[in-house]
């Protein structure tokens, strides 16, 4: 029994370290629903987005965020990535580009 | 409208019976499914859907003692019932053990009715004070639980590993994160152990309700301790039935080893009170502490006083219905349990849990399930209390309050 307990502990430790690596890896996909929508984004707006979100840290300075097939290039300094409450928060968009699709946003708070 | 309400109540009780009987199928799963497919139910009044959720949740907390006692397959709310339940199962008294939890569930009704106005009047003020000290209160509760263990080192390891795993689970893109986490920590691990031990189930005795009773002194002491502990644990994040049970057994000095019958009775009260008061908490302070309360609040947006009255009525009806349903199902299980091959049954349940996790969660969720099962195994084999695994919910809550 002692050996099995130690083995279980070892697997838990190694598995948790694996999950930690998965957490700090650049790509995360969250699926959540949307309630309301706006058509444009403004600087200095804190945006809490709900939708199918894909987040990719491309370099130390930029990230690409894809929300419901809608792509944005965002400086890392503007992105707060909080998965605790399942949200991506962006403080304004600089050099952002997006296609014609409507971005669905549930809550906007001025910074 | 009345017909819709009755129908919602009946379907809720039926679904609660199903989720209660199936280990690894949590009410949160059904609630999440309902919320994600609300479009299909647009013609149904939202209050009827809320009634469905409440009736399902209450029935679930009554019925889910059946897999816990008869199969040793608990969920996060009733894992403490395994030891006393299993002890009585070996003596052929599983039906009696289950009936004590049902008695507890019924005894919860007056406690809920007494604490509802107390919560409505005093909780907003009390919570405003507690909120500022919430992380420290949670740290204090965690330290208390760890330090009362015989082997503190093991308790610390389990608590922090569970907390770390919980934090990772909530921060990774996992569908239905609670499902793999809790079914691994509390469900699969115990099933693996019972698979290894291969217990032989004796013929179960079915005795009449008249013969199943607690001594008056035990009844009063257990009721009072549960009435003190469960409301306290109904509005704090990460703190739930398990903690209320530990607190109640400290107050009454009746633990699962000393007096399993009183302990099971106490668990029955606590689970029903904690679940029911979570709806009252959602009304009083707009905070949700159970998945069901989240679902009800999401459906109704703002729970009005009239809504609360309907919810209370549904709780009472569901308690009574679940009591009689529980007796019938327990008698049925008692008759057939010793004819079933326990090893095969355990393997089937493990397969069901794995399948549900694969279908309703995702790849990351499956990894969490495996790691959580290993941690659960370590906890059981190192004789640490399973309550320490609630660190998986408490530590992320502490981190949330400290970091925000």
Collect the residues in region B:247-262 that are in contact with a helix residue (DSSP H, G or I) (Cβ under 6 Å, 6 or more places away or on another chain), modelled with pLDDT of 75 or more and buried (at least 22 other Cβ atoms within 10 Å of the Cβ), keeping them in residue-number order. B:247, B:248, B:260, B:261, B:262
Is there a residue being outside any loop (DSSP other than H, G, I, E, B), modelled with pLDDT of 90 or more, within 14 Å of another protein chain (Cβ to nearest Cβ) and in contact with a helix residue (DSSP H, G or I) (Cβ under 9 Å, 6 or more places away or on another chain) anywhere in region B:355-363? no
Given the criterion closer than 30 Å to residue B:161 by Cα, surrounded by 18 or more Cβ atoms within 10 Å (Cβ to Cβ) and modelled with pLDDT of 85 or more, identify the matching residue among B:392, B:330. B:392
So which of B:18, B:52, B:62 ends up being under 23 Å from residue B:213 (Cβ atoms), in contact with a helix residue (DSSP H, G or I) (Cβ under 9 Å, 6 or more places away or on another chain) and modelled with pLDDT of 75 or more? B:62
Search result, residues across region B:185-194 that are surrounded by fewer than 24 Cβ atoms within 10 Å (Cβ to Cβ) and within 13 Å of chain A (Cβ to nearest Cβ): B:192, B:193
Could you say whether any residue in region B:120-130 is within 14 Å of chain A (Cβ to nearest Cβ) and either over 30 Å from residue B:364 (Cα atoms) or outside any helix (DSSP H, G or I) (or both)? no
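Every residue, every condition in (1) more than 11 Å from chain A (Cβ to nearest Cβ); (2) in contact with a strand residue (DSSP E or B) (Cβ under 6 Å, 6 or more places away or on another chain); (3) in contact (Cβ under 8 Å) with a residue 24 or more places away in the chain; (4) surrounded by fewer than 20 Cβ atoms within 10 Å (Cβ to Cβ), yes or no:
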site	(1), (2), (3), (4)
B:152	yes, no, no, yes
B:156	yes, no, no, yes
B:159	yes, no, yes, no
B:163	no, no, yes, no
B:167	no, no, yes, no
B:179	yes, no, yes, no
B:183	yes, no, yes, no
Can you tell which of B:333, B:290, B:343 is under 24 Å from residue B:117 (Cβ atoms), more than 14 Å from chain A (Cβ to nearest Cβ) and touching a residue at least 12 places away in the same chain (Cβ under 8 Å)? B:290
Residue B:370 being surrounded by fewer than 24 Cβ atoms within 10 Å (Cβ to Cβ), within 13 Å of another protein chain (Cβ to nearest Cβ) and either at pLDDT 85 or above or under 22 Å from the mean Cα position of the chain (by Cα) (or both): yes
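The values are calculated or read from the model by the stated rules, or taken from the named source; none is laboratory data. What you see is a predicted model; the values in this text were computed from it and never measured. Heads up, the Cβs are rebuilt from the backbone with ideal geometry, glycines too, and the neighbour counts pull from every protein chain shown.
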